[in-house]
1. Mind scanning B:123/B:221; B:391/B:457; B:344/B:457 and naming the pairs with a C-alpha gap bigger than 19 Å?
2. In whole Hz, what ³J(HN,Hα) sequence does segment A:224-232 give by Karplus (6.51, -1.76, 1.60; θ = phi - 60°), x for Gly and Pro?
3. How big is the gap, in Å, between the Cα center of segment B:341-400 and the Cα center of segment A:141-203?
4. Within chain B, which complete DSSP H helices have Cα atoms spanning at least 15 Å along the helix axis and a mean Kyte-Doolittle hydropathy of -0.5 or higher?
5. Residue A:297: which lysines have alpha carbons under 26 Å from its alpha carbon, excluding same-chain residues fewer than 8 sequence positions away?
6. Within segment A:90-296, what percent of beta bridges assigned by DSSP are antiparallel, to the nearest 5?
7. Could you calculate the FRET efficiency of residue B:473 with residue B:235 from 1/(1 + (r/R0)^6), where r is the beta carbon distance between them and R0 is 35 Å, rounded to 0.05?
8. Quote the FRET efficiency, to the nearest 0.05, computed for residue B:398 versus residue B:373 with a Förster distance R0 of 51 Å and r equal to the Cβ-Cβ distance.
Amino acid sequence: MELLSTQAQFTSLLDNDALARLEKMRLVPRRRLTNRSRGEHHAAKGGTSTEFADYRDYVAGDDVRYVDWNIFARLERPYVKLYRHEEEMHVVSIVDASSSMQFDGKFERAKQLAAAFGLMGLMNVERVSSFVCNHSGREPLFLPPCTGRVNRRRLFDFLEKIQGGGDFPIDLAVEAVLHRHRGRGIVVLLSDFLTFGDLERPLNMLFSAGLEVFAVQILAPSELDPEVAGDIRLVDCESGHTVDVSSAGDLLGIYQEHRLALEEELGILCRQRSGRFLSISSRDPLEWVLFDLLRRKGWAR
Amino acid sequence: MTWWPFVANQWAWLFLLLVPLIIFYFLKLKRPRLEIPSLALWRSVLNDQRVNSPFQRFKRNILLLLQILLLMFVVLAAMQPFFPSGAERAQYLPILIDTSASMAAVDAEGKSRLDEVKAEVRKLIDNMLSDQRLCLIAVSSTARQMTDFSDNQRYLRDTLDRLEVSQVSSRLEDALRLTQALARTVPIETAVLYTDGNVPPEVDFELPFQLNYQQVPPAGKNIGITALNARRSDTRWDVFVRVEGTKPAPGADDAPTSATVTLLQNGKELANEMISLAGGQSQRIVFPVETAGAGMLEVRLEPQGFDALASDNVAYLDLPVGRPLAVFCPPELETFRRALQGNKEVVLYPSDEGESKAASYDLVITDRKADANLEAATFLFVGFIPDDLTKLVHMEEKIAQVIDWQRSAPLLQHVLLTDVQIADRPVSAEGIRDRDYEEAGYEILAQGRTGPLVLRKETAGRTALYLLFHTDRSTLPYRVGFPILVSNAVQIAMQHAGLSEVRGQQTGVLPPRSLKPNQVYQVEAPDKSISEARTSTDGTLAGVAAPTIGRYVIREGNTDVASIGVSLLTVTETSLATVPQLQFREMSIGASATMLKSDHPLWGVFAAIGFALLLIEWWYFQRRPGGLVVRR
């Protein structure tokens with residue numbers, strides 16, 4: 001709050017106003033995927049928090065301290081009070097930092113979103129960690145789990161310092177992340193998902209690891225509405241492979257059909273695993289994405 | 001009809017350029033490189049079955065296809081394609097254009113037949129292919145080769161534009177012979193004749209090539225002077241003018257045409273008369289002219305209303321100076337002299353008063369071979385066989401009778417030779433037939449049982465009549481027909497001398513004129529153009545062309561020697577009658593129902609398509625991207 005009041009930018013990723021608004025927001029997972037450690041998320045089973053949940057019949061062996069004596073006095077039958085168990089949720093972000101994300105501010109937008117989701121996790125006293133995947137075959141850059149508001153600077157510094165470039169496909173990046181990651185919760189996938197690999201396998205692995213997928217596809221305007229015509233040679237920025245396209249202008253209709261089909265397929269894959277999917281443009285206003293789109297989609301509140 | 005519609009087949013090798021075009025297209029195709037985040041989407045796009053459909057394959061290489069099409073159209077244009085007209089295509093095509101007087105006839109729109117023909121021939125010239133050669137031949141009473149076989153369209157057009165009507169009647173034989181002569185140098189399979197159809201229906205020619213008879217639409221109504229002559233009657237001339245009108249086409253306007261006929265003598269009007277002629281009718285008008293001297297007559301016809309042809313509305317006639325006929329007849333031929341003495345228009349030599357001879361005679365009647373040397377235009381020889389016939393016929397002293405005679409011959413008109421007893425019998429030699437006399441230049445006027453009795457021979461400017469028997473040894477002088485025969489001889493001589501009847505001279509060639517020998521004269525035509533002509537050794541000026549109507553003045557230095565008026569005066573040209581079919585010796589050719597269609601060159605169309613393809617290719621290469629764009 002000191003930083004915001006002095007009008008100095010706390011981070012280059014998000015302005016202070018956005019930070020202030022994000023600190024008040026909470027992630028809304030569909031599933032209660034929490035860890036054993038105490039936290040602020042109610043566990044699915046009963047717990048020992050102060051928040052009443054339900055009654056049940058007393059059975060032999062139950063701790064008599066949880067018998068509701070007022071009910072017993074009135075009904076002359078012992079009932080045990082049940083309380084919600086509040087557990088910790090892990091919020092992990094996987095940022096695709098490959099070369100394909102280096103177009104039209106895609107990578108910057110991914111870092112901003114990773115910072116936003118991480119901030120919401122920290123402010124909700126969750127364990128927040130982050131992975132950045134650059135080069136294939138190398139270990140992803142890793143921000144160890146941290147929690148609490150005090151780790152904001154650590155999170156932002158990590159994200160600010162990472163450099164883009166590389167050829168790590170998102171499907172392999174997820175597998176590499178899961179080799180290291182432990183804990184249930186939410187995984188925020190920030191990528192363009194333009195990969196030749198199979199996306200079903202990493203999503204299955206995330207689901208099996210107890211992570212609810214928040215997938216955000218970030219595409220550049222040149223990918224949404226490519227302006228190409230005539231005979232051109234397209235060069236893949238990651239692999240350097242080329243494809244010769246003739247009369248490219250006439251293929252744009254088919255291109256759009258395929259792009260929308262990919263978007264649709266990603267949405268289905270995520271929903272089938274109780275996850276969520278969102279496709280945005282790198283040119284979409286950040287405020288609109290964070291405070292309008294995410295709320296409308298029910299990702300945060 | 002040819003199935004291969006290309007002229008310059010040698011340029012077909014340019015199709016080989018397709019090979020390097022395709023090779024270079026793929027080898028040298030400079031595709032702009034565009035770095036994109038991932039090829040994943042584009043790979044799936046290109047793997048789409050629709051992209052690989054034949055139509056999409058076509059679209060992917062549409063630039064190549066446009067270039068191939070462009071090259072093909074350029075090569076096809078170089079090969080000079082043409083649209084076949086359906087007619088046989090001739091490489092060497094002589095075009096015979098009728099330029100006779102009737103071609104000046106105009107229709108209701110004022111367009112002459114020659115203009116119509118020019119328009120058709122211009123189409124042929126405009127559409128001529130590169131391997132075609134045209135030759136323009138003007139056809140009138142003669143033929144003129146206007147151009148060689150040429151592919152120079154400008155030269156042909158200029159020549160065609162200079163073509164003018166000759167005010168003469170048409171005659172096809174000369175033009176066809178000229179075409180036949182041209183066929184010896186170049187292969188001619190077909191000749192095209194453009195005419196208004198006003199040509200002689202029978203052509204004395206054996207066609208060695210095909211003739212395409214093209215007939216332009218007929219002109220409108222016409223009225224004109226078709227004959228003009230004068231006959232002497234004592235001290236005056238009776239001038240006869242015949243005016244005829246065209247026969248109207250079925251269903252056409254048949255209203256009579258009125259006209260005024262005016263006679264002028266030496267530029268002064270003598271008389272005029274109003275006439276009215278229905279279509280196809282003729283009318284003869286007689287004007288008496290009192291004159292003893294020479295006179296230049298001019299007859300003008302002024303039709304009221306439409307008249308297609310103007311050149312037949314004026315005619316000229318030159319009246320000679322009146323004088324008696326000079327006749328030589330030796331005293332031995334008493335019967336002839338007695339028959340001649342009753343004629344007031346005859347001066348007989350030797351005269352009874354003692355005048356023995358004149359410088360020249362109009363008629364010589366004699367039974368002496370030596371008198372053949374006298375200067376005269378007409379001879380009547382009696383009682384001997386000419387020297388050039390002595391091998392064909394000889395005389396026997398036996399009775400002969402006339403078997404047959406030409407009753408229409410000028411000498412024997414109204415002369416009855418039946419039962420005339422003749423003591424001399426001409427006998428033809430063994431094997432001699434009538435054809436042998438004709439080959440010797442003689443025409444048999446009266447035929448005996450064993451040989452000819454009366455002969456006629458025409459030579460240049462001289463008519464010789466032969467009575468092979470002597471009249472004194474026959475009963476002919478005692479017959480009524482004898483004075484008629486002598487009178488007929490006098491009439492022949494008078495006509496020859498132009499003393500009894502004169503006819504208007506037709507265009508074509510000026511009549512022979514006796515002038516100073518070996519002298520150069522200037523001839524001024526009606527259009528004021530001057531040409532020179534030289535007389536022969538005997539002083540005859542002949543062969544001077546007179547293609548236009550009007551007066552031709554012959555001058556010797558600054559002195560006018562003679563003035564000769566020539567006129568059209570042909571019934572066929574004035575009638576504008578068309579001939580649907582030309583009859584040749586062995587075949588007949590009908591007028592084509594449709595005008596000749598020439599092969600239409602298409603190289604310009606192909607070149608235009610090639611240029612359009614070039615523009616399309618440029619536009620396609622430069623255009624903004626298209627396709628479906630999905631907006632978010």
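1. From the list (B:123/B:221; B:391/B:457; B:344/B:457), the Cα-Cα distance tops 19 Å for B:123/B:221; B:344/B:457.
2. 6, 10, x, 9, 10, 7, x, 8, 9
3. After rounding, the separation between the Cα centres reads 148 Å.
4. Helices meeting the criterion: B:62-78, B:481-497, B:603-622.
5. A:24, A:106, A:111
6. 25
7. 0.30
8. Approximately 0.95, to the nearest 0.05.
Here, each number is a calculation from the coordinates, and none is a lab measurement. What you see is a predicted model, and the numbers here were worked out from it, not measured in a lab. When we count neighbours, we look across all protein chains shown, and the Cβ atoms used for this are built from the backbone with ideal geometry, even at glycine.
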